[in-house]
Amino acid sequence: MADTPELETLYQQAQSALKARDYTRAAELLKQILIIDENYKDASRLLARLVKIGRRRWYNDLRIWGPAIGFIVIGLMIWLVPKISPPARLAPTPTSTITASPTVTVTPAIPATPTITASPAPTAIPLAWKRLNTGLILPRDQITRIAIDSRDADVLYIDTENAGLYQTINDGQSWQPAPAWPSEGVIFYDPLQEARIATPQGNEEIYRMAEDGIEVSRDGGTSWVFFKASNISGIIPTNQEYVLVYNNFRLNKVSDAGTTWEFLSTIKLEDFHAMLVSPHNPDVIYIGGEKLVISQDGGHSWEESANGLGAAPLDLFLSPGGNGVMYAKTIHADTNSFSAEKLFLSEDSGNNWKLIEEDYFDLALDADGQTIYRIWCSICDGSNGYMAIMRSSDRGKTWQDVHGLAHILSIDADPRISGRVYCIEANRDAWAEGKLLLSELNDVGYGLFGDGTPPIGFQIQAPEDLIFLPTRDGYPLIFLVSKQFLFLSGNDKPCKSIDHGERFHLAGRINRLFIATTTGVAMSTDGCRTWKNTEQGSSMESVNTLADDPNNPNIIYAGADSGAYVSFNGGENWGQVNDGLLGATVVYSVVVDKDSNVYAATPYGIFTLENK
């Protein structure tokens with residue numbers, strides 16, 4: 001990230017260009033700023049203003065209409081005045097004397113004013129977020145849909161898998177979070193559905209995906225002709241005489257009822273989801289997946305557009321050693337795939353980040369503050385391949401294969417005892433038969449122990465009498481907490497061990513348990529037998545993370561798709577804290593360090609919570 005003085009210099013130059021009405025130079029300077037920091041001062045607003053100026057039409061410019069209307073009014077008055085004759089004088093009428101009657105004053109009845117009792121306003125929470133890092137190094141979130149305004153070619157919308165909805169008013173030069181999907185006036189296509197185009201002869205051709213190819217109909221779907229083509233990802237219609245077909249990372253123009261194929265370009269997208277041809281200009285094409293690319297020349301060349309789009313989901317981890325060391329791990333959408341997850345390191349409390357590893361998944365932090373563990377698999381499809389536990393003793397600079405297992409589902413390290421590592425190994429044909437394994441003092445071998453089977457469950461965070469169960473679909477996860485307990489969950493019921501996993505018992509005597517769900521936060525005070533919602537006074541949706549203050553267990557933080565929340569009374573009531581999140585209110589992960597500093601990962605980077 002560039003130093004603030006460099007950005008300030010560009011900003012001042014842009015202001016000077018605006019004063020000189022050199023809008024072209026001002027726009028170029030503002031674009032340079034936004035590439036480095038999309039939220040620097042009001043650069044985004046100024047660029048949007050310049051775009052509007054560039055799109056202004058003479059008939060929409062009030063500066064022209066004002067004087068024009070004035071001249072028209074003056075002309076009409078000059079034309080009408082001679083034609084208006086003065087009114088004829090009226091003859092005087094006789095004056096009659098009128099005797100005044102006594103005035104009677106009537107006092108009107110005053111209706112009773114209803115008493116209105118003002119509802120108490122919710123107490124404002126004196127906290128706000130401050131961004132530590134823009135997150136530009138992080139991968140962007142998956143694009144799931146692209147739409148364009150039917151009236152304005154420069155206005156587009158992008159929906160993402162996790163980071164929310166975004167809008168551009170300058171044809172993708174910069175993006176900002178949008179509050180809601182437009183109810184009308186937008187055009188989008190599903191590349192998996194049939195594509196219909198009109199021919200010059202007035203007929204309609206229908207294209208659709210088929211196994212190992214495409215099928216085309218020229219008679220309204222009565223009969224179909226098959227054309228072989230491998231790995232078809234999507235078909236999109238145009239307002240011309242052809243459709244666009246994306247397969248094997250290649251974009252093709254297909255016409256003449258499927259008989260003519262013209263290769264346009266190669267576009268490397270691992271996760272293709274959306275494609276759109278502008279109805280305003282068929283040469284402008286948008287394709288989205290793990291990134292957004294735009295072509296202005298009919299698909300022959302492409303440029304990536306990411307300025308302002310949100311980052312993919314992240315999990316934050318605080319090193320047990322403290323000293324400002326933090327890790328951030330990407331979260332793959334399909335937890336059952338065991339796909340590689342990128343790992344980032346910050347050594348200055350989240351201000352700066354660097355990518356340290358991108359071939360493994362999961363993460364465990366050793367109590368020594370230096371050693372970390374991850375899982376590697378040769379074929380990450382959830383059923384085959386060699387899997388191994390990888391260890392790094394230098395915060396990810398070098399890695400060593402310390403143990404290979406048939407099928408590793410999860411790994412964690414004891415936060416108090418260095419070298420104590422747990423993992424779950426499962427039968428690849430029956431994950432619920434997984435066994436909990438333990439390694440002492442970084443030994444290469446892992447031995448089976450415990451009296452039960454750790455089943456598919458949730459990740460658990462808990463200070464002794466307070467357990468949090470953030471939802472996690474897929475393979476089991478372990479989380480080790482408190483001074484003496486190891487917690488697991490199974491069949492939605494948490495288990496507790498007081499002997500480091502030798503024996504497990506239902507954690508029924510735990511005072512309070514919290515679980516994050518898609519509808520809010522639920523609390524149980526009777527060992528999961530009954531649950532009640534705790535989000536009174538809030539509008540939580542799809543809670544992603546829970547964390548507590550280690551110095552005050554009654555202070556709990558929640559991160560959700562609808563923003564960040566805090567409770568000061570053990571989850572009884574919640575207040576929203578979205579000030580400073582720059583409009584991207586999805587919160588992926590929240591962590592609290594030993595000094596009660598709060599950090600959050602969002603689509604717009606890494607933030608910390610401060611007093612207003």
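The values are calculated or read from the model by the stated rules, or taken from the named source; none is laboratory data. These numbers come from a predicted model, not from an experiment. FYI the Cβ positions are ideal-geometry reconstructions off the backbone, even for glycines, and counts take in every protein chain you see.
Of all residues in segment 265-289, those that are closer than 18 Å to Leu156 by Cα and in contact (Cβ under 8 Å) with a residue 40 or more places away in the chain total 16.
Being touching a residue at least 60 places away in the same chain (Cβ under 8 Å), within 21 Å of Asn307 (Cβ to Cβ) and outside any loop (DSSP other than H, G, I, E, B) is a property that does not hold for Ile137. Entry remark, segment 562-612: residues being part of a loop (DSSP other than H, G, I, E, B), of a type in the set (A, V, I, L, M, F, W, C) and over 19 Å from Met523 (Cα atoms) number 6 in total.
Do we have Tyr327 as at pLDDT below 90, buried (at least 18 other Cβ atoms within 10 Å of the Cβ) and of a type in the set (Ser, Thr, Tyr) here? Don't jump to the end; show me each part of the working.
On the way: at pLDDT below 90: no; buried (at least 18 other Cβ atoms within 10 Å of the Cβ): yes; of a type in the set (Ser, Thr, Tyr): yes.
Criteria not met by Tyr327.
Within the set Ile214, Ile197, the sole residue that is in a strand (DSSP E or B), touching a residue at least 40 places away in the same chain (Cβ under 8 Å), on the phi < 0 side of the Ramachandran plot and out of contact with any helix residue (DSSP H, G or I) (no Cβ under 7 Å at 6 or more places or on another chain) turns out to be Ile197. The residue pairs whose first member lies in segment 587-612 and is touching a residue at least 40 places away in the same chain (Cβ under 8 Å) and over 11 Å from Thr545 (Cβ atoms), whose second member is among the charged types (D, E, K, R) and in a loop (DSSP other than H, G, I, E, B), and whose beta carbons are closer than 7 Å, counting only pairs six or more residues apart or on different chains, are Pro603/Asp141.
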